Amino acid sequence: MEKIGKRFTGKVAIITASTQGIGFSIAERLGLEGASVVISSRKQKNVDEAVEKLKSKGIEVFGVPCHVSNAQQRKNLIDSTVKKYGKIDVVISNAAANPTVNAILDTQESVLDKLWDINVKASILLLQDAAPHLTNRSSVVFISSITAFQPPASMGMYGVTKTALLGLTKALSTEMAPNTRVNCVAPGFVPTRFADFITSNESVRKDLEEKAALKRLGTTEDMAAATAFLASDDASYITGETLVVAGGLPSRL
Ligand code: NAP
């Protein structure tokens, strides 16, 4: 990251689920490029630790605990951002849950509800709260998944919620135009806590590396670079699009 630019100077960016993994790297990237970043996740301790890490890199950062499916905490995230920084230029909706490996037809209703609530509905409700404060050159990026295109058996319903984000990107890109661009990143497999059940299994990991044209898993920095591009003015004529960042894993034409 030695040669990164300063595309976000003067911008305010909210990133959900950003105290580790992909969300943290996105916050770091936007922050190093000059943004004031607002990070959040469920646990205050994780928020405090991530704030310190980002501050130690010279980043202007504000941390707010926010479980994305808690209405009061979402409202507080938006209100406290506006109180501190006065506006919102970028929203990165990154939180997700993957609570089951069951087949879709064997998934309990409560689990279906949780997947919908966290992976799709919370993103919409957060944007409802954020919308009045978005600047007239603002940008939203959803974090979907390669599984959106072909949901695997063990991640079926999770994949379907990620497919929904592709549709949401299209729908909101029209609804929020012309002042707000809405795009999406579909990561391949990235070794994080979230993906540990896949990437820590050596034979599964090797298989995924082999299937990718670039013969490796993704990094959180790979995802951050793509997200920063879509959120930045470099993508000023791009809206309603999904960028697949998966090392050449099969997705779509
Ligand atoms: P991760 O490293 O496990 O990080 C998850 C982050 O989310 C943590 O900061 C966690 O902190 C926070 N979090 C979890 N549940 C939350 C909730 N309900 N509300 C708010 N914050 C919450 O995960 P990751 O791999 O970076 O995943 C991030 C996104 O990338 C997800 O949307 C995931 O679907 C997507 N993705 C990941 C991969 C992959 O291979 N890793 C591939 C495709 C897509 P707390 O514990 O403090 O809440």
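Quick grid of which residues meet (1) within 18 Å of the chain's Cα centre (by Cα); (2) of a type in the set (D, E, K, R); (3) more than 8 Å from the ligand (Cβ to nearest atom); (4) under 19 Å from Ala96 (Cβ atoms):
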{"position": "Gly23", "(1), (2), (3), (4)": "yes, no, no, yes"}
{"position": "Leu32", "(1), (2), (3), (4)": "yes, no, yes, no"}
{"position": "Lys43", "(1), (2), (3), (4)": "yes, yes, no, yes"}
{"position": "Asn46", "(1), (2), (3), (4)": "yes, no, no, yes"}
{"position": "Leu54", "(1), (2), (3), (4)": "yes, no, yes, no"}
Does Leu249 fit the bill of being of a type outside the set (S, T, N, Q), at negative phi and touching a Lys or Arg at 6+ places or on another chain (Cβ under 8 Å)? yes
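Residue-by-condition table, conditions (1) more than 15 Å from the chain's Cα centre (by Cα); (2) surrounded by fewer than 16 Cβ atoms within 10 Å (Cβ to Cβ):
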{"position": "Lys162", "(1), (2)": "no, no"}
{"position": "Leu168", "(1), (2)": "no, no"}
{"position": "Ala171", "(1), (2)": "yes, yes"}
{"position": "Asp196", "(1), (2)": "yes, yes"}
{"position": "Thr239", "(1), (2)": "yes, no"}
Residue within the range 203-213 that is farther than 30 Å from Gly31 by Cα, within 15 Å of the ligand (Cβ to nearest atom) and of a type in the set (Asp, Glu) present: yes
Would you point out which residue out of Glu28, Glu49 is acidic (Asp, Glu), touching a residue at least 40 places away in the same chain (Cβ under 8 Å) and either closer than 17 Å to Ala224 by Cβ or part of a helix (DSSP H, G or I) (or both)? Glu28
Count - residues of the range 64-87 that are farther than 16 Å from Val37 by Cα and hydrophobic (A, V, I, L, M, F, W, C): 2
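State whether the residues of the range 49-59 include one that is out of contact with any helix residue (DSSP H, G or I) (no Cβ under 7 Å at 6 or more places or on another chain), modelled with pLDDT of 95 or more and crowded, with 19+ Cβ neighbours inside 10 Å.
Checked the range 49-59: at least one residue is out of contact with any helix residue (DSSP H, G or I) (no Cβ under 7 Å at 6 or more places or on another chain), modelled with pLDDT of 95 or more and crowded, with 19+ Cβ neighbours inside 10 Å.
The values are calculated or read from the model by the stated rules, or taken from the named source; none is laboratory data. The structure displayed is predicted, hence computed values, not measured ones. Reconstructed Cβ throughout: ideal geometry from the backbone, glycine too, with neighbour counts over all protein chains shown.
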